[in-house]
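Bear in mind that the values in this text are calculations on the coordinates, not laboratory data. If you're wondering where the values come from, they're calculated on a predicted model, not measured in any experiment. All Cβ positions, even for glycine, are placed from backbone atoms using ideal geometry, and neighbour counts span all protein chains on display.
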Amino acid sequence: MCSHSGVTEPAAAPGPTPPGQTSPGQTRTVENRLEFPYTRTVGPVIGGFLAGLREQRLLGARSRTGRVLVPPLEYDPDTGDPVDPDLVEVGPQGTVTTWTWVAEPKPKHPLDRPFAVALIRPDGADTALVHAVDAGTPEAMHTGMVVTPRWRGEPTGLVTDIEAWEPRR
Amino acid sequence: MAERCAVVGVGQTHFTKRRDDVSMPGLLREAVDRALDDAELTLADIDAVVIGKAPDAFEGIVQPELFLADALGAAGKPLMRVHTAGSVGGSTVLVAAHLVQSRIHRRVLAVAWEKQSEGNAQWGLAGGRSGGIGAGGAFAPWIRAYIQRSQAPEYIGWMVAVKDRLNALKNPYAHLRIADITLEKVKESPMLWDPLRFLESCPSSDGACAVVLTDEAGGRRAPRPPAWIAATAMRSELGQFPGRDPVRPQAGVECSADVYRLAGITDPRRQIDVAELYVPFSWYEPMWLEGHDIAGPGEGWKIVDAGETEMGGAFPVNPSGGVLSSNAIGASGMVRFAEAALQVRGLAGEHQVDGARTALAQAYGGAAQYFALGILRSDPD
């Protein structure tokens, strides 16, 4: 747990102001940020998926009914049965099953230029994962289009190791 | 007349400091699979799922029931979460039992857990502020008040700490295994919150517990002896109000009076064969003996002193090793009910109390303000 604080000095202080006093027209603020890092144990299935990303491989889990779930779940949501612990490789290319356009990206978005948030079903998978498509313009997007992953240079074992997906050229 | 309710399956994970090898869903599923195996049922046989855990801030997952539905086999089924702070595991069993007793569902799975290693419970308890005093800091003044009121000698707390840890050596699921524990070792362990010493306090554990509850027909055809739920009671009060007695909270007094009345118990100390009480700090054993009128005012510590709460004593308390030996907070209340069920089913293994036919399960939470009690029996009538 860590806490950062810092006193913001008034922009145009006419002179030293004694602590606890504020001159008219001045606003003092104190930034106080509390953070608590939780640890998430991912288990063998999600852990296997994340390890695959580090090797630029996209892995899915096969359910007892034969469906391939990407990203993998530990238990088949239809039946509650555990999935096969041996993950199967899918993709790398996938099909956009639905999408929406983000015209004005915010600081926490994965790209700093307009992009699509899309559900992408990798080849060989029966489900789709949410990710970003770097298509340039909404006119370049359509449901059913084929996209390929653009991997980040230094993998970390997170889903953001795929920087974005691009329309197949 | 309410439907009879039976516990036909009990499952626990091994309680330990960290379960880095499994995810939270995987942890729950271990307990669920063991409970279903015990009942010789599958997830497909379950009509509804009730879950309980302590505050979301402990692991930082809000509304965990949403992402756990897959692992609980709860897709398309009623899934309900109970939240009554530390007593939640007990309350979860009671809510599940009520769903059977009211004939809303025939087979209900109840699951409770905590994966304490994913967060920091002391920080979570402090509501996200630094410098929290922790549960021990909250309870210590009331324990001091109990000692002053009852004139109990200080070694009583040490005795409970030793007894529960020795019992834990007989329970394969218990977290703490302190084979060489002695009164001297407890006495010499560091003082955490006066009068509570390190070895008089519960550990932080990862773990889960699950029970399968059925109606009377399910209980009668269960593959192993069931535990019949003879009576349940829940009470709560505000954590602070003028005139409150936190040493012997009125909600606890009324909760036990209710559960004894419903079970036809007039002399709990004689009519109950074994009790699993929520004792996270040693002194809560004599305090709950008095707080639930098993012993008279100022008499609880004398029962401890006489060795009556030991495994071979007249009123065994926490043969499992109790919360003092395993504390996956959300699960701890359910473990009291699960262990009480194992005792009256005759399935408690090495820590079985001979001839146990009537058991008391108790859980408390918050500022000693939420109570969940149950009487479990070998016989349905």
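Annotation: the residues A:Arg33, B:Arg177, A:Arg62, sorted from fewest to most other C-beta atoms within 10 Å of their own C-beta, follow the order A:Arg33, B:Arg177, A:Arg62. Annotation for region B:151-249: GluC sites (Glu not before Pro) lying in DSSP loop with at most 14 further Cβ atoms inside 10 Å of their Cβ are B:Glu154.
What the phi angles of region B:25-34 give under the Karplus curve with 6.51, -1.76 and 1.60, with θ = phi - 60°, is a coupling list of x, x, 5, 4, 5, 4, 5, 4, 4, 5 Hz, glycine and proline written as x. Considering region A:43-167, its Cα convex hull presents a mean projected area of 7.7 nm².
Amide H contacts under 5 Å for B:Ala69: none, restricted to partners 5 or more places along the chain or on a different chain, H placed in the peptide plane at 1.01 Å from N.
Label positions at B:Ala306 and B:Asp45, each projected 7 Å from the Cα along the C-beta direction, are separated by 4.4 nm. Sorted ascending by nearby beta carbons within 10 Å, beginning with the fewest, B:His292, B:His105, A:His142 become A:His142, B:His105, B:His292.
Could you grab the Rg to Rh ratio for chain B? Cα atoms only, Kirkwood for Rh.
Details: Rg = 19.0 Å, Rh = 20.2 Å.
Expressed as Rg/Rh, it is 0.94.
For peptide A:28-38, the mean count of partner chain Cβ atoms within 10 Å of a residue's Cβ comes to 2. Percent of C-alpha pairs per 10 Å bin in region B:138-189, short distances first: 23, 42, 29, 6. For region A:43-167, the relative contact order works out to 25 percent when only alpha carbon pairs closer than 8 Å and six or more residues apart are counted. Taking amide H as placed 1.01 Å from N in the peptide plane, the amide H of B:Ala208 sits under 5 Å from that of B:Thr13, each at least 5 places away or on another chain. Ranking of B:Met191, B:Met24, B:Met159 by neighbouring Cβ atoms within 10 Å, starting from the fewest: B:Met191, B:Met159, B:Met24. Based only on the alpha carbon positions, what is the Kirkwood hydrodynamic radius of the protein assembly as shown, in angstrom? In the protein assembly as shown this quantity evaluates to 25.8 Å.
Peptide B:24-32 shows a mean partner chain C-beta count of 3 within 10 Å per residue C-beta.
Neighbours of B:Arg224, meaning other residues whose beta-carbon lies under 14 angstrom from its beta-carbon, give a summed charge of +1 when Lys and Arg score +1 and Asp and Glu score -1. Inter-chain neighbour count for A:69-80: the average number of beta-carbon atoms from partner chains within 10 Å of each residue's beta-carbon is 5.
Of A:Pro71, A:Pro92, A:Val117, whose Cα points farthest to the positive end of the dipole of region A:43-167 (charges on the beta-carbon: +1 Lys, Arg; -1 Asp, Glu; origin at the Cα centre)? Final value for the positive-end residue is A:Val117.
Near B:Glu254, within a Cβ-to-Cβ distance under 12 Å, what is the net charge of the other residues, with Lys and Arg +1 and Asp and Glu -1?
0
Using a cut-off of 24 Å between Cα atoms, the listed pairs B:Lys115/B:Lys163; B:Lys185/B:Lys302; A:Lys108/B:Lys17; B:Lys17/B:Lys163; B:Lys17/B:Lys302 include B:Lys115/B:Lys163; A:Lys108/B:Lys17; B:Lys17/B:Lys302 as exceeding that distance.
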